[in-house]
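Notes follow once the structure below has been shown.
Any read-out appearing in this document is the output of simple, stated calculations on the displayed coordinates, not a laboratory observation. Only a predicted model underlies this, so the values are computations on that prediction, with no experimental measurement involved. Cβ placement follows ideal geometry from the backbone for every residue including glycine, while neighbour counts extend to all protein chains displayed.
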Amino acid sequence: MQKQVEYADAIKTKYPEQIVIAIAKDRNGKFNPITLGWTMIVSGKPPMMAIAVAKTHYSVEAITFAECFTIAYPSSEMAEAALYFGSHSGRDVDKFAEFKCETAPAAQIDSVLLADAVANFECTLEQHMHAGDHVIFVGNVVAAHTNAEAKKRLYTIDPDHKLGPAS
Ligand SMILES: Cc1cc2nc3c(=O)[nH]c(=O)nc-3n(C[C@H](O)[C@H](O)[C@H](O)COP(=O)(O)O)c2cc1C
């Protein structure tokens with residue numbers, strides 16, 4: 001049986017929610033990482049992925065300028081990095097300079113990979129659309145990488161950005 005409730009109450013049932021870190025190079029040559037929960041695979045053949053970024057976030061400018069971006073699946077050990085990248089703006093700080101997080105060059109796009117992530121996907125920007133207060137960026141996956149070590153993915157497991165492995 002279902003009972004009608006406010007959207008804000010119903011949406012709290014979504015956890016665990018996967019987390020990704022998207023990275024794009026801004027017009028000053030700085031790689032800017034952003035932590036995102038709102039993400040999905042949108043095509044299998046060809047492989048395509050989408051992310052929803054709030055219109056006010058600096059990443060909108062960076063991704064629009066770069067026309068490409070990395071999507072990294074952070075590992076469960078990367079909670080501090082995910083919280084840092086998800087609470088500071090590239091408008092104010094160079095996040096990779098302020099928070100140590102090993103990167104590696106991407107193979108096919110002008111971006112970087114997160115060396116300790118579970119996986120990284122290199123995307124070229126296919127299209128974007130406006131959806132309320134967010135911009136949805138759809139990327140073509142042009143290269144993919146996985147970690148040589150077995151690692152667990154990082155999730156938001158409870159509201160208020162409580163992060164950890166899903167199980
Ligand atoms: C766990 C977590 C999930 C988040 N999910 C999203 C999201 O899906 N979309 C979004 O626009 N911001 C999301 N944020 C907030 C941004 O990561 C945050 O506002 C960031 O500082 C914006 O960086 P920028 O201004 O450099 O783009 C999330 C933050 C955290 C910690």
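For Glu149 and Thr56, FRET efficiency with R0 = 41 Å and r from the beta-carbon atoms, rounded to 0.05? Efficiency, rounded to the nearest 0.05: 0.65. FRET efficiency for the Ala131 to Asn28 pair, using the beta carbon distance and R₀ = 30 Å, is estimated at 0.60. Here the chain is treated with +1 on each Lys and Arg Cβ and -1 on each Asp and Glu Cβ, and its dipole about the Cα centre works out to around 280 debye. Pairs exceeding a 28 Å alpha-carbon distance, out of Lys3/Lys151; Lys100/Lys162; Lys14/Lys55; Lys45/Lys95: Lys3/Lys151; Lys45/Lys95. Note on Ala115 and Trp38: the extension gain reaches 25.5 nm, defined as 0.36 nm multiplied by sequence separation minus the Cα-Cα distance. With all projection directions averaged, the alpha carbon convex hull of the chain covers 11.0 nm².
Converting phi to 3J(HN,Hα) with the Karplus coefficients 6.51, -1.76 and 1.60 and the offset θ = phi - 60°, region 115-131 yields 4, 9, 6, 5, 7, 9, 10, 8, 10, 9, 6, 8, 6, 9, 9, 8, 9 Hz in sequence order, with x at every glycine or proline.
Summary of the geometry: region 1-49 and region 85-133, compared by the centres of their Cα atoms, lie 14 Å apart. Computed per residue of the chain from DSSP H runs no shorter than four, each worth -39500 (n - 2.57), the mean residue ellipticity at 222 nm is -3000 deg cm²/dmol. Legend: ranking of residues Tyr15, Tyr7 from fewest to most surrounding C-beta atoms inside 10 Å; resulting order Tyr7, Tyr15.
Legend: calculated FRET efficiency, Met1 to Asp92, from the Cβ-Cβ distance at R0 = 35 Å, rounded to 0.05, equals 0.10.
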